[in-house]
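Trainee: The structure is given below, and queries will be raised subsequently.
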Amino acid sequence: MREKMFQRKDIGFLAGKFDGKNRSGYSPVGDSVCVMVDSVDGFLGKNKVIAMTQAQIDQQNNGATSGIIVAMGVNAFVWSADRQRPFGDDKPKVGDRVFFVRYAGEFTMGVDEKPYRIMSDNSIIAIFKEQ
């Protein structure tokens with residue numbers, strides 16, 4: 001039950017800021033995508049006054065499911081998930097805020113000290129469209 005101790009609604013997330021340049025130090029190949037992951041703000045509770053331990057912050061960051069695409073391999077979003085037919089939906093592009101499968105890809109810190117995930121393009125499940 002320990003993993004359910006903290007509810008997502010009680011944890012504040014900081015949306016990544018992207019200036020249009022890939023500062024991660026990584027250049028994805030093939031159908032891979034590099035995503036700057038949204039990270040927790042380090043506080044929880046209704047009033048966001050309870051400080052989280054570093055272990056709790058790391059656990060929540062590892063389970064993040066949203067971020068901004070900062071780089072894509074040349075074959076990203078060319079083929080569908082089954083790799084049998086061309087990709088037919090809206091194609092995400094660099095700078096798009098996306099949602100992805102929890103724990104997808106490899107979690108790594110960039111040279112700019114920000115958290116990134118390098119994952120297959122079929123781990124991206126939605127593009128966030130602002131109203």
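Trainee: Which of these, Thr108, Thr65, Thr53, has the largest mean-square fluctuation under a Gaussian network model of the chain (Cα springs below 10 Å)?
Mentor: Taking springs between Cα atoms under 10 Å, the residue moving most is Thr53.
Trainee: Now, a different point. Got a sec? How would Val101, Val70 order by Cβ neighbour count within 10 Å, fewest to most?
Mentor: So the ranking, lowest neighbour count to highest, is Val101, Val70.
Trainee: For a quick check: sort Leu14, Leu44 by the number of other beta carbons within 10 angstrom, fewest at the front.
Mentor: If I rank by nearby Cβ atoms, fewest first, I get Leu14, Leu44.
Trainee: Suppose R0 equals 22 Å; then what is the FRET efficiency for Asp90 and Ser66 from their Cβ-Cβ distance, rounded to the nearest 0.05?
Mentor: Calculated value: 0.85.
Trainee: How long is the gain from Lys48 to Glu106 if the chain were fully straight, where each residue apart is worth 0.36 nm and the alpha carbon distance is subtracted?
Mentor: 18.0 nm
Trainee: Considering amide H positions built from the backbone, and no H for Pro or chain starts, which residues 5 or more places from Ala71, or on another chain, come under 5 Å of its amide H?
Mentor: Cys34
Trainee: Going by amide H atoms built from the backbone, whose H comes under 5 Å of the H on Gly110, apart from near neighbours?
Mentor: When sequence neighbours closer than 5 places are left aside, the close amide H contacts are Tyr116.
Trainee: Determine, for Tyr116, Tyr26, Tyr103, the number of other Cβ atoms within 10 Å of each Cβ, and report the residues in order from fewest to most.
Mentor: Least crowded to most crowded, the residues run Tyr103, Tyr26, Tyr116.
Trainee: If you place +1 on the Cβ of every Lys and Arg, -1 on the Cβ of every Asp and Glu, and leave all else neutral, what size is the dipole of the chain about its Cα centre, to the nearest 20 Debye?
Mentor: About 280 debye.
Read-outs: derived from the displayed coordinates by stated rules, not from any lab. Keep in mind that what you see is a predicted model, and the values were worked out from it rather than measured. FYI the Cβ positions are ideal-geometry reconstructions off the backbone, even for glycines, and counts take in every protein chain you see.
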